[in-house]
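Q: Would you mind keeping the following structure in view while I ask a few things?
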Amino acid sequence: MPQVLWYFSAFLVTAVFLAIVFCVRFLRSQRYLLGTKIPGPAPIPLLGNLHTFAAQTSRVLEFLKEVIGVYGPTCRFWFGTHLVVAVFNPTDVQTVVSSRKMIDKPFFYKPLRKLWGCGLSSEPLVGWKKHRKIMDPAFRVKLIESFVDVFKTKSEILADRLRSHADEQPFDVLGYALKFTIDNTTQTTLGTSVDFQTGESSELMEDFLDMKNSVWQLVLLNKLCTFQNGRESCLMTKKELRDQSIHVTITAMDTSAIALSTVLMLLGLHQDVQQRVIEEQKRVLCDDRHRSVKLEELREIVLKESLRLFPPLPIMGRRVQEAVDIEGYTLPAGSTVIIPIYLIHRDPRSFTRPEEFYPDRFHPSNCQGRHPCSFIPFSTGRRDCIGKTYASVLLKTALSIILRQFEILPCMSREQMEAVGFQVTIEMKHGYKIKLRPRLW
Ligand code: HEM
C-alpha cells in the first residue's frame, strides 16, 4: 500500500474513532438526557436540527410557528449538540425574563457585536451589569421628556423631506425613517448637532462609525459623568463609551425606524383608525397645529397595536447559566432559550382575531386578564429595552407631526405586509411603501 494511502486510512480510522467517542459521551451527558425529554423535531447525529433550520432561513418565523403547533409551547431543537428551547407560554416567558439564572445572552448574539457594536444588548454578562447600571439613569423619563423639542424639530425636517413625495405615488419610507432616527439619537445621546437628514450623510456616517470626532465621545462622557448621582466621576473608559454610544445609536436607529415605517403603513391601510387619530390630535392641539404634544396627551394604542403585529425585534434569546425548570422540563446549564416575540403577539389565547389591526384591544378595559408577558415588544425584566420610553416619545412625536401635514393613503395590502423575514430585526419582504398627499387641516 502506498504510504499516502496508509496515512489517509490511519487518519480516517482516528476520525471515526473520535467521532464515536464524542457521540457516546454526548449521548450519556446530562444535557442530552434532559434535552431529549423536551418534545421537538427528530435530530440527526452530529447536526441535530441544523439542516432543517438551514433550509428555512427565509421563513424562520413560520417554521417556528409550525414546530410550536406540532410539539407544543415548550419545544426543543438541537444545533449540533447545543440545546435550544423555544418558550411560547407567557407564564414561562415571565419565568425566563425574571430569572437571575437567565440574564446572559446566548451564542447567536456574538455576531451582533460586529453589526451593532459591542454594547449592552450583546456584551458578556460582567460588562453588561456594570454598563447597564451606569447607563440606566440616562434613559429616565424626566430626561427623555427634555428631548421633546429635539424630536419635534427633527420630525419637522422629516416632514419637509417627505413633502416631495406628497404626490400620491408609492415610495419606500424606511430610508427616511432611518436617517430621522439616527439624527435624533446622535443629537440626544451624543449631544452634538449633526443633521443626517439634510447633511452630507455618507461622510458624517463614516465619521460617526469611526468615532473620528473625539468631541462626540467627550460629550457622552460628560453626560454620563453627570448622571452618576450628580457626581462628576466617570466609570467608563473612553473605549467603553465609544462602544456603548455606537451600540445605542445603531440599536435605536433600526428598531425605531422600522416601528415608525410600519405604523405609517398600517394607518394608510386603516383609514378609519387614521381618522380617529386625527380627531384626537385636533382635540388635543385645539387650533395650534404647530405646538409640541406632551407625552400624556396622545394615547399609545395605535403604536402598541402596530408593535404587536410587527415587533421590530421578533425573536430574543437567553443563555441558561444554571439549570432551571420550565413546564416540568429541566433546561440544563449552557442551553439556550429563544422567545418568539412575533408569535407570542399573535397567540389567539391572548388576542382575539390576532391578525386583525384593532388598536382598541389596548384600551385598559380590554386588557383585563391579559398576561403582562403576552405583549413584550420591548422585552421585559432586568434585560428589557433601555430605550423603551425614548422610543415611545420619539415615535409619538414623529407620528403627530407627520399626520398633521399628510394624509397617508392605502398602498401595500395586508397580505403583502404579512410577508416578513427575520434578519435580527423584522424585515418586510415587499419593502416599506406608503403613499402621501397633503392634509387639509
Ligand atoms: C420601537 C423601538 C424599539 C424596540 C421595539 C426595541 C426593542 C428591544 C428589545 C426587544 C430588546 C431586548 C433584546 C433582547 O433581549 O435580545 C431591546 C434591548 C435594547 N434596546 Fe431597544 N427597542 C427599541 C428602541 C430602542 C431605542 C430608541 C434605544 C436607545 C435609545 C434602544 C436601546 C436598546 C438597548 C441598549 C438594548 C439592550 C438592553 C440590555 O440588554 O440591557 N432601543 N430593545
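The values are calculated or read from the model by the stated rules, or taken from the named source; none is laboratory data. Remember, predicted model here, so these are calculated numbers, not experimental data. Because the Cβ atoms are built from the backbone with ideal geometry, glycine has one as well, and the counts that use them run over all protein chains shown.
Q: Looking at Leu436, Leu394, Leu440, can you tell me which residue is at pLDDT below 95, surrounded by 18 or more Cβ atoms within 10 Å (Cβ to Cβ) and aliphatic (A, V, I, L, M)? Give the derivation first.
A: Values: Leu436 fails: at pLDDT below 95; Leu440 fails: surrounded by 18 or more Cβ atoms within 10 Å (Cβ to Cβ).
When all the criteria are applied, what remains is Leu394.
Q: Here's another thing I want to ask about it. Mind listing whichever residues of region 96-107 are within 10 Å of the ligand (Cβ to nearest atom) and in a helix (DSSP H, G or I)?
A: Answer for region 96-107, where residues must be within 10 Å of the ligand (Cβ to nearest atom) and in a helix (DSSP H, G or I): just Val97.
Q: Ok, one more. Using the structure shown, decide if Ser350 is farther than 30 Å from Ile182 by Cβ and either touching a residue at least 40 places away in the same chain (Cβ under 8 Å) or surrounded by fewer than 16 Cβ atoms within 10 Å (Cβ to Cβ) (or both). If you could, list the steps in order and put the result at the bottom.
A: Working: farther than 30 Å from Ile182 by Cβ: yes; either touching a residue at least 40 places away in the same chain (Cβ under 8 Å) or surrounded by fewer than 16 Cβ atoms within 10 Å (Cβ to Cβ) (or both): yes.
Yes.
Q: Can you spot a residue in region 366-374 that is within 20 Å of Asp272 (Cβ to Cβ), more than 19 Å from the chain's Cα centre (by Cα) and not acidic (Asp, Glu)?
A: yes
Q: Enumerate the pairs (first residue in region 419-441 and more than 27 Å from Phe53 (Cβ to Cβ); second residue anywhere and among the aliphatic types (A, V, I, L, M) and assigned to a strand (DSSP E or B)) with beta-carbon separation below 8 Å, excluding pairs fewer than 6 apart on the same chain, so at least 6 apart or on different chains.
A: Final answer for the pair search is Ile434/Ile408; Ile434/Leu409; Lys435/Ile408; Lys435/Leu409; Leu436/Ile408; Leu436/Leu409; Arg437/Leu409.
Q: Separate question: Go through region 278-329 and report how many residues are part of a loop (DSSP other than H, G, I, E, B), among the polar types (S, T, N, Q) and at pLDDT 95 or above. If you could, list the steps in order and put the result at the bottom.
A: At the first step, the residues of region 278-329 found to be part of a loop (DSSP other than H, G, I, E, B) are 286-294, 298-300, 310-315, 320-323, 327-328.
Still in the list and also among the polar types (S, T, N, Q): 292, 321.
Next, from what is left, pick out any that are at pLDDT 95 or above: 321.
So the answer is 1.
Condition check ((1) within 14 Å of the ligand (Cβ to nearest atom); (2) under 30 Å from Ser29 (Cβ atoms); (3) acidic (Asp, Glu)) across all residues:
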residue	(1), (2), (3)
Arg299	no, no, no
Arg308	yes, no, no
Gln321	no, yes, no
Asp325	no, yes, yes
Gly334	no, yes, no
Cys367	no, no, no
Thr380	yes, no, no
Ile386	yes, no, no
Ile402	no, no, no
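Q: Can you find even one residue in region 129-141 that is in contact with an Asp or Glu (Cβ under 7 Å, 6 or more places away or on another chain), modelled with pLDDT under 85 and not in a helix (DSSP H, G or I)?
A: No: region 129-141 contains no residue that is in contact with an Asp or Glu (Cβ under 7 Å, 6 or more places away or on another chain), modelled with pLDDT under 85 and not in a helix (DSSP H, G or I).
Q: With the condition kept exactly as written, say whether any residue in region 346-362 is among the β-branched types (Val, Ile, Thr) and more than 20 Å from Arg404 (Cβ to Cβ). Step through it out loud before you land on a result.
A: If we filter region 346-362 for residues that are among the β-branched types (Val, Ile, Thr), which is where we start, we get 352.
Next, only the ones that are more than 20 Å from Arg404 (Cβ to Cβ) stay: 352.
Yes: region 346-362 contains one or more residues that are among the β-branched types (Val, Ile, Thr) and more than 20 Å from Arg404 (Cβ to Cβ).
Yes/no matrix, rows are residues, columns are (1) at pLDDT below 85; (2) part of a helix (DSSP H, G or I); (3) in contact with a Cys (Cβ under 8 Å, 6 or more places away or on another chain):
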| site | (1), (2), (3) |
| --- | --- |
| Val4 | yes, yes, no |
| Leu12 | yes, yes, no |
| Ile20 | yes, yes, no |
| Ala42 | no, no, no |
| Leu46 | yes, no, yes |
| Phe63 | no, yes, no |
| Val84 | no, no, no |
| Gln94 | no, yes, yes |
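Q: Taking the condition within 30 Å of Cys23 (Cβ to Cβ) and either modelled with pLDDT under 95 or not polar (S, T, N, Q) (or both), does Thr74 pass? First the steps, then the outcome.
A: Working: within 30 Å of Cys23 (Cβ to Cβ): yes; either modelled with pLDDT under 95 or not polar (S, T, N, Q) (or both): no.
It is false that Thr74 is within 30 Å of Cys23 (Cβ to Cβ) and either modelled with pLDDT under 95 or not polar (S, T, N, Q) (or both).
Q: Find the residue count for region 336-350, including only residues that are touching a helix residue (DSSP H, G or I) at 6+ places or on another chain (Cβ under 6 Å), part of a loop (DSSP other than H, G, I, E, B) and either over 30 Å from Lys154 (Cβ atoms) or more than 12 Å from the ligand (Cβ to nearest atom) (or both).
A: 2
Q: If you scan region 64-78, which residues turn out to be of a type outside the set (Asp, Glu) and surrounded by fewer than 17 Cβ atoms within 10 Å (Cβ to Cβ)?
A: Narrowing region 64-78 to residues of a type outside the set (Asp, Glu): 64-65, 67-78.
Those that are of a type outside the set (Asp, Glu) and surrounded by fewer than 17 Cβ atoms within 10 Å (Cβ to Cβ): Lys65, Gly69, Val70, Tyr71, Gly72.
Q: (1) among the hydroxyl-bearing types (Ser, Thr, Tyr); (2) within 10 Å of the ligand (Cβ to nearest atom); (3) within 16 Å of Leu399 (Cβ to Cβ): which one isn't true of Ser121, the others all being true?
A: Only one criterion is unmet by Ser121, namely (3).
Q: Filter region 124-155 down to the residues that are more than 11 Å from the ligand (Cβ to nearest atom) and charged (D, E, K, R) and list them by number.
A: Of everything in region 124-155, those that are more than 11 Å from the ligand (Cβ to nearest atom) and charged (D, E, K, R) turn out to be Lys130, Arg140, Lys142, Glu145, Asp149, Lys152, Lys154.
Q: Another question about this same structure. How do the pairs read when you match residues in region 358-371 that are closer than 18 Å to Ser306 by Cα with residues anywhere that are surrounded by 14 or more Cβ atoms within 10 Å (Cβ to Cβ) and among the hydroxyl-bearing types (Ser, Thr, Tyr), using Cβ under 6 Å and keeping only pairs 6 or more apart or on different chains?
A: Qualifying pairs under 6 Å: Arg370/Ser350.
Q: Could you tell me which residue of region 297-339 is farthest from the chain's Cα centre (by Cα), considering only residues that are closer than 30 Å to Val284 by Cα and without any contact (Cβ under 8 Å) to a residue 24 or more places away in the chain? Full working, then the answer.
A: As a first pass, look at region 297-339 and keep what is closer than 30 Å to Val284 by Cα: 297-312.
From what's left, without any contact (Cβ under 8 Å) to a residue 24 or more places away in the chain: 297, 299.
On the way: Glu297: 26, Arg299: 22 Å.
Checked region 297-339; the qualifying residue farthest from the chain's Cα centre (by Cα) is Glu297.
Q: Something else: Regarding Ser365, is this residue in a helix (DSSP H, G or I), surrounded by fewer than 19 Cβ atoms within 10 Å (Cβ to Cβ) and hydroxyl-bearing (Ser, Thr, Tyr)? Walk me through how you get there before you give the answer.
A: Details: in a helix (DSSP H, G or I): yes; surrounded by fewer than 19 Cβ atoms within 10 Å (Cβ to Cβ): yes; hydroxyl-bearing (Ser, Thr, Tyr): yes.
Here the answer is yes, as Ser365 does meet what is asked.
Q: Which count do you get for residues in region 369-426 that are more than 26 Å from Asp149 (Cα to Cα), assigned to a strand (DSSP E or B), among the hydrophobic types (A, V, I, L, M, F, W, C) and touching a Lys or Arg at 6+ places or on another chain (Cβ under 7 Å)?
A: 2
Q: Identify, from the list Leu266, Leu220, the residue that is in a helix (DSSP H, G or I) and modelled with pLDDT of 75 or more. If you could, list the steps in order and put the result at the bottom.
A: On the way: Leu220 fails: modelled with pLDDT of 75 or more.
Criteria check complete, one pass: Leu266.
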